[in-house]
Amino acid sequence: MEIDKNLHMGILLDIYGELLTERQYEMMSMYFHDDLSLSEIAEQYDISRQGVHDAIKRGEESLVNYDSVLKLAEMQEKQKEQLLEFKAQALEALDECRKVSFGKNIADKVIALLENLDSKLEEFENTVEN
């Protein structure tokens, strides 16, 4: 469960991180993206471990609040699901085209569509990661 929470926070940080203070963003990025411990982060900022903990907790609360209002993470997930559904439909159409002799031209178009969908999914994944 903790991994799911950390993954979710990492996603929210990617989406809303620029709305946090610079210091809060840096600490949260070190914690969620770089997997540094509270002690390691505290050492870098020359503050207590509790100070880092409090900053990260406040940041988490802010990210959750931003997401509850803006719902960008939910919209992003729905977009990904739609792209994957389009890909599944295109693969199904390709299979149907392969069953008939006159489907070669259609199959070529479906292959081009699949390549385009793969490209869009890759762009989407790269956007989410960055």
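Across the cross-link table entries K5/K57; K57/K78; K5/K120; K5/K87; K78/K104; K78/K120, which are compared at the Cα atoms, the separations over 21 Å belong to K57/K78; K5/K120; K5/K87; K78/K104. If amide hydrogens are placed 1.01 Å from N in the peptide plane, which non-local residues have theirs closer than 5 Å to the one on L36? Under 5 Å from the amide H of L36: Y31. Taking other residues whose beta carbon is less than 14 angstrom from the beta carbon of L114, and scoring Lys, Arg as +1 and Asp, Glu as -1, yields -4. So what is log10(I(q)/I(0)) for the range 74-129 at q = 0.19, 0.23, 0.25 1/Å, when the Debye sum runs over its Cα atoms only? One equal scatterer on each Cα of the range 74-129 leads to -0.66, -0.83, -0.91. Residues in the range 71-78 carry Karplus couplings, in order, of 6, 5, 5, 5, 5, 5, 5, 5 Hz; the curve used is 6.51 cos²θ - 1.76 cosθ + 1.60 with θ = phi - 60°, and Gly or Pro positions show x.
Between Y25 and S68, the contour length at 0.36 nm per residue exceeds the alpha carbon distance by 13.6 nm.
Note on the range 49-96: along the principal axes its Cα atoms extend 60, 24, 6 Å, ordered by decreasing extent.
Its alpha carbons give the chain an Rg and a Dmax of 21.2, 72 Å.
Per-residue Karplus couplings for the range 94-99, computed as 6.51 cos²θ - 1.76 cosθ + 1.60 with θ equal to phi - 60°, are listed in order as 4, 4, 5, 5, 5, 7 Hz, Gly and Pro entered as x. The trypsin sites (Lys or Arg not before Pro) of the range 25-130 meeting both criteria, a DSSP state outside H, G, I, E and B (loop) and at most 12 other C-beta atoms within 10 angstrom of the site's C-beta, are K71. Couplings 3J(HN,Hα) of the range 11-16, computed from phi: 5, 4, 5, 4, 7, 10 Hz, in residue order, whole Hz [Karplus 6.51 cos²θ - 1.76 cosθ + 1.60, θ = phi - 60°; x for Gly and Pro]. Over the Cα atoms of the range 2-70, the radius of gyration divided by the Kirkwood radius equals 0.95; this is the Rg/Rh ratio.
All of the numbers you see were taken from the coordinates with simple rules; none came from a lab. Keep in mind that this is a model prediction, so the values were computed, not measured. Cβ: placed from backbone, ideal geometry, glycine included. Neighbour counts: every protein chain shown.
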